[in-house]
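The values are calculated or read from the model by the stated rules, or taken from the named source; none is laboratory data. Predicted model only: the values in this text are computed from it and were never measured. Cβ: placed from backbone, ideal geometry, glycine included. Neighbour counts: every protein chain shown.
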Amino acid sequence: MSQVRVRFAPSPTGELHLGGARTAIYNWAFARNNDGVFMLRIEDTDPERSTPENTAQILRSMRWLGLDWDEGPEIGGAFGPYFQTERFDNYVAALEKLKDNGSVYPCFCTPDELTAKREAARKTGGYSGYDRTCRTLSLEDARRRIDAGEPHVWRLAIPLDQEDITINDLVHGETVFPLTALDDYIVARTDGTPTYNFAASVDDTDMQITHVIRGDDHMSNTPKQALTIQALGAPLPQYAHLPMIWGPDGKKLSKRHGATSVEAYRDEGIVPEALLNYLALLGWSLDGETTVIDADTLTENFSMDRISKNPAIFDTAKLEWLNGVYLRDMEPAEFAPYMVEALAKEGLSDVGDYEQRTEWFHELAPLVNERIKLTTEIVPMIGFLFVDEVQIDESARAKVLDKEGAREAVAAAREALADIEWDLPSIESALQALPAQLDAKPRLVFQPLRVALTGTTISPPLFESMLLLGKEKTLKRLDATL
Ligand code: GLU
């Protein structure tokens, strides 16, 4: 068996979205599982919609997810270049080969003629593809018209002695495409540029791709590409078409359903391990029940035969739940950088601060990561530790501080804390006596303290928060509230 070589081939016409990311993950996992090569190829032949910014964004998203490629942009490799716009020589050479072996023919039909033919066919309900007028031109005629400079495209001559082509799709099984429904598709335009299907076929051939793993939406391109590869005299790769990802409404996942790009999820507080895990299991399963799976387990166990044939439904709540699992599982040293990054964005802390107070941050980490599902919840939860004075949230004030007994609770706490050592046992014993002393429910005593110190009703545990806030700030905030 030759070495497995797969490619992820995004068009840089937009950001890397969830569907693309999942395709990349499956290619990567399949390559790793087979000690094969995972290649990244940028299909940037659409000059109007392809941008370097999109390419950069795709590369960034892939690195963020931990999808390292063995060949491709910024890395190189023996089969480069890895941008289609830099591979025109290959397309020209392949076209020459097809001209030589008679698999393509020049077509001189003008756009107007083609439209008229299509209209006529539509009226009679007949075959609406190209009627193959130019396929019957003699070689001499064709040559003469080319030499005279007549504009022409090149079309693939679909075999007419063959009824269908069968692809053994690794997800969908044997798939038969009738050739009667297939056009002699254009491989090279009037200006000589290759069409998408032609470029992809040439690249998959030249780059010795063994498995084409891509979305279902490319299924209809497969017979065209397979016939082109056959015409080039190369062996066909194996194909695996992945079912689409649907939104909760059963329609293809799109912007209508909210964020769809990898970086949008990052910005909404998802960590890469969780997104990788979630997408990996969205259409593939380890054993039908596992929901938490790390990258190593994925690559060790990935196989095509466990890819689902049916569309997968994207479920934001499940992704967020999984994200919470990953956050909770993080060691303080792993979670702290997320806190620092989130705080730095708000100008509340920075790496220098973290380096100076590493231990303090590490004590804080488990108080936070057990209580959140998204990293965007970090600042609202612990921002109060990084400011001189807190802004009391108006609704928290109305609901808690303005209630009867709140003032007394704060005053009693102020007194109980005034002269103690500042460690957890001392804080605890000073405050735990208060409810009995005030003859009030613990919640009615402690919630006002929480609001006074943090400005909100949601925070890490109260006593730990006080410890980390420090004695001076704690007393100052209680005073301010009083
Ligand atoms: N450039 C195509 C896309 O982004 C890739 C199709 C393929 O993998 O063959 O959809």
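In the set (1) assigned to a helix (DSSP H, G or I); (2) more than 22 Å from the chain's Cα centre (by Cα), the condition left unmet by VAL390 is number (1).
Counting the residues of the range 23-36 that are touching a helix residue (DSSP H, G or I) at 6+ places or on another chain (Cβ under 6 Å) and either more than 11 Å from LEU67 (Cα to Cα) or in a strand (DSSP E or B) (or both) gives 1.
GLU408 meets each of the listed conditions (1) closer than 28 Å to TYR326 by Cα; (2) acidic (Asp, Glu); (3) touching a helix residue (DSSP H, G or I) at 6+ places or on another chain (Cβ under 8 Å) apart from (1). Picking from residues in the range 226-235 that are in contact with a helix residue (DSSP H, G or I) (Cβ under 7 Å, 6 or more places away or on another chain) and free of Cβ contacts under 8 Å to residues at least 40 places away in the same chain, the one that is nearest to the ligand (Cβ to nearest atom) is ILE229. Residues that are part of a loop (DSSP other than H, G, I, E, B), in contact with a Pro (Cβ under 9 Å, 6 or more places away or on another chain) and in contact (Cβ under 8 Å) with a residue 40 or more places away in the chain occur at least once in the range 438-456.
Selection of the range 296-317 for residues being touching a residue at least 12 places away in the same chain (Cβ under 8 Å), farther than 13 Å from GLY247 by Cα and either in contact with a Phe, Trp or Tyr (Cβ under 9 Å, 6 or more places away or on another chain) or among the hydroxyl-bearing types (Ser, Thr, Tyr) (or both) yields LEU298, THR299, PHE302, SER303, MET304, ARG306, ILE307, SER308. For the range 128-151, the candidate set comprises residues that are of a type in the set (Ser, Thr, Tyr) and either surrounded by fewer than 12 Cβ atoms within 10 Å (Cβ to Cβ) or free of Cβ contacts under 8 Å to residues at least 12 places away in the same chain (or both); within that set, the residue that is nearest to ALA181 (Cα to Cα) is SER128. Of the residues in the range 345-362, at least one is buried (at least 20 other Cβ atoms within 10 Å of the Cβ) and under 27 Å from ASN323 (Cα atoms). Restricting attention to the range 230-279 and to residues that are under 17 Å from ARG60 (Cβ atoms) and hydroxyl-bearing (Ser, Thr, Tyr), the residue that is nearest to the chain's Cα centre (by Cα) turns out to be SER261. For the range 40-55, the set of residues classified as in a loop (DSSP other than H, G, I, E, B), of a type outside the set (Asp, Glu) and either under 28 Å from ALA29 (Cβ atoms) or in contact with a Leu (Cβ under 8 Å, 6 or more places away or on another chain) (or both) consists of ARG41, THR45, SER50, listed by residue number. Residue check: THR376 meets all listed conditions (1) under 30 Å from ASP267 (Cβ atoms); (2) buried (at least 20 other Cβ atoms within 10 Å of the Cβ) but one, namely (2). Number of residues in the range 1-28 that are of a type in the set (A, V, I, L, M), more than 13 Å from the ligand (Cβ to nearest atom) and buried (at least 24 other Cβ atoms within 10 Å of the Cβ): the value is 1. If the condition is being in a helix (DSSP H, G or I), farther than 25 Å from ASP206 by Cβ and of a type outside the set (A, V, I, L, M), then the range 73-120 contributes PRO111, ASP112, GLU113, THR115, LYS117, ARG118, GLU119. Taking the range 161-205 as the search range and keeping residues that are aliphatic (A, V, I, L, M) and under 25 Å from PRO81 (Cβ atoms), which one is surrounded by the fewest Cβ atoms within 10 Å (Cβ to Cβ)? The extreme case among them is ILE186.
No other residue among LEU242, LEU281, LEU275 is more than 14 Å from the ligand (Cβ to nearest atom) and touching a residue at least 40 places away in the same chain (Cβ under 8 Å) apart from LEU275. Hey, any hits in the range 55-76 for a residue that's of a type in the set (S, T, N, Q) and more than 23 Å from the chain's Cα centre (by Cα)? There is no residue in the range 55-76 that is of a type in the set (S, T, N, Q) and more than 23 Å from the chain's Cα centre (by Cα).
Pairing each residue of the range 210-223 that is over 17 Å from MET39 (Cα atoms) with any residue that is away from the ligand (no atom under 11 Å from the Cβ) and part of a helix (DSSP H, G or I), provided the two are 6+ apart or on different chains, yields C-beta distances under 8 Å for PRO223/LEU179. Whenever a residue of the range 462-482 is under 18 Å from SER429 (Cβ atoms), its partners that are outside any helix (DSSP H, G or I), lying with C-beta atoms within less than 6 angstrom and at least six residues away or across chains, give the pairs SER465/SER459; LYS471/TRP422.
Highlighted here are the strands (runs of 3 or more DSSP E) found entirely within the range 147-198 that include at least 1 residues which are under 35 Å from the mean Cα position of the chain (by Cα) and away from the ligand (no atom under 16 Å from the Cβ): 164-169, 173-178, 186-188. Residues in the range 203-225 that are away from the ligand (no atom under 12 Å from the Cβ), outside any loop (DSSP other than H, G, I, E, B) and touching a strand residue (DSSP E or B) at 6+ places or on another chain (Cβ under 7 Å): PRO223 alone.
In the set ALA336, ALA412, only one residue is closer than 18 Å to LEU468 by Cβ and either free of Cβ contacts under 8 Å to residues at least 12 places away in the same chain or in a helix (DSSP H, G or I) (or both); that residue is ALA336.
Kindly check whether there is at least one residue in the range 37-54 that is more than 13 Å from the ligand (Cβ to nearest atom), modelled with pLDDT of 95 or more, over 22 Å from ALA240 (Cβ atoms) and not polar (S, T, N, Q). Yes, some residue in the range 37-54 is more than 13 Å from the ligand (Cβ to nearest atom), modelled with pLDDT of 95 or more, over 22 Å from ALA240 (Cβ atoms) and not polar (S, T, N, Q).
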